[in-house]
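> Input: one structure, supplied below.
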Amino acid sequence: MAALIEFRDIYKIYSMGDEEVHAIDGISMRIEQGEFVAIVGQSGSGKSTCMNIIGGLDVPTRGQYLLDGVDISERTDDELAEIRNKKLGFIFQQYNLIPKLTVLQNVELPLLYSGMKESEQASRAMASLERVGLADKAKNLPSQLSGGQQQRVSIARALAGDPSIILADEPTGALDSKTGREVLQFLKQLHQDGNTIVLITHDNSIAAQAERVIRVQDGKVIYDGPADINKFAAVATAGGLGEAEG
């Protein structure tokens, strides 16, 4: 059966003068429907490039990216935008809420381009806010909320379109440790509800909250297995592919 997300020998190569930089260097991986997976790595490891390709924000230089069994490696920008709108929900480190819009209007944003009736947009957005416990803040502006509440609004926005995948990019990076734990607990609950979660992080302790970890280093996968921090952190410390393969 087709995986929800599948990379087949993906490369992303940038030209820097006379040199080529391999941001992703031949990665193959599968993520199944209903998994909670963390892609972890330090700055420059290739994890953000993986995220951009998964999210349809970038395309590989070569190789195939299959989303729900369909190769989207060479789709146009307009086609990728439609795929993002229908299949992906994004949670960002800095929330990316529009200050002049109410909480409800922010959550409605991804629904504006779906052809949905305005009344249905509002009811869907309100249901999403209820799911994150913020229905009573629907008329507030983002500036009237705490950081944790703003991140929950961004989670509600990600859920509003009923996406196949929730892609969370460093979702606790702008939060204090207590609020960050609350957001992670909420992501776990979403996973228990049947959502597919892909978490991008540089932090081993955050990655360990997932069920499975894919560690990326120098554009390659050096660990793909259970979220046992002792195992995947040891691979990073060893810094070699042989350790990952053992």
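> Can you find, within the stretch 209-238, the residue that is modelled with the lowest pLDDT among those that are in contact with a strand residue (DSSP E or B) (Cβ under 8 Å, 6 or more places away or on another chain) and among the small types (Gly, Ala, Ser)?
The residue in question is ALA236.
> Turning to a different aspect of this structure: Could you count how many residues in the stretch 120-161 are open to solvent by 50 Å² or more (accessible area, probe 1.4 Å) and touching a Ser or Thr at 6+ places or on another chain (Cβ under 8 Å)?
3
> Could I ask something else about it? Search the stretch 183-202 for residues that are modelled with pLDDT under 90 and pair each with any residue that is of a type in the set (Ser, Thr, Tyr) when their beta-carbon atoms are under 8 Å apart and the residues are at least 6 apart or on different chains.
VAL183/THR172
> Residue check: is SER114 over 23 Å from ILE39 (Cα atoms), open to solvent by 50 Å² or more (accessible area, probe 1.4 Å), modelled with pLDDT under 90 and part of a loop (DSSP other than H, G, I, E, B)?
So SER114 passes the test.
> Hey, another quick one. Within the stretch 162-182, track down each residue that is without any contact (Cβ under 8 Å) to a residue 40 or more places away in the chain, open to solvent by 20 Å² or more (accessible area, probe 1.4 Å) and either of a type in the set (D, E, K, R) or in a helix (DSSP H, G or I) (or both).
Scanning the stretch 162-182 gives ASP162, ASP176, SER177, LYS178, THR179, ARG181, GLU182.
> Now for a separate question. Could you check the stretch 183-209 and list, in sequence order, the residues that are open to solvent by less than 10 Å² (accessible area, probe 1.4 Å), farther than 19 Å from VAL132 by Cβ and not in a strand (DSSP E or B)?
Matches in the stretch 183-209: ALA207 only.
> Search the stretch 60-80 for residues being crowded, with 17+ Cβ neighbours inside 10 Å and closer than 19 Å to MET29 by Cβ, and hand back the single one that is modelled with the lowest pLDDT.
Going through the qualifying residues, I end up with SER73.
> Tell me whether the stretch 30-43 contains one or more residues that are more than 30 Å from THR237 (Cα to Cα), open to solvent by less than 10 Å² (accessible area, probe 1.4 Å) and in contact with a helix residue (DSSP H, G or I) (Cβ under 7 Å, 6 or more places away or on another chain).
Checked the stretch 30-43: no residue is more than 30 Å from THR237 (Cα to Cα), open to solvent by less than 10 Å² (accessible area, probe 1.4 Å) and in contact with a helix residue (DSSP H, G or I) (Cβ under 7 Å, 6 or more places away or on another chain).
> Let me ask another. Out of all the residues in the stretch 81-94, which are at pLDDT below 90 and either open to solvent by less than 30 Å² (accessible area, probe 1.4 Å) or of a type in the set (A, V, I, L, M, F, W, C) (or both)?
Those that are at pLDDT below 90 and either open to solvent by less than 30 Å² (accessible area, probe 1.4 Å) or of a type in the set (A, V, I, L, M, F, W, C) (or both): ALA81, ILE83, PHE92.
The values are calculated or read from the model by the stated rules, or taken from the named source; none is laboratory data. Quick caveat: nothing in here was measured; it's all calculated off a predicted structure. Here the Cβ is made from the backbone with ideal geometry for all residues, glycine too, and neighbour counts use every protein chain on show. Protein only, heavy atoms only, side chains kept; ligands, DNA and RNA dropped before computing areas. Shrake-Rupley method; radii C 1.70, N 1.55, O 1.52, S 1.80 Å.
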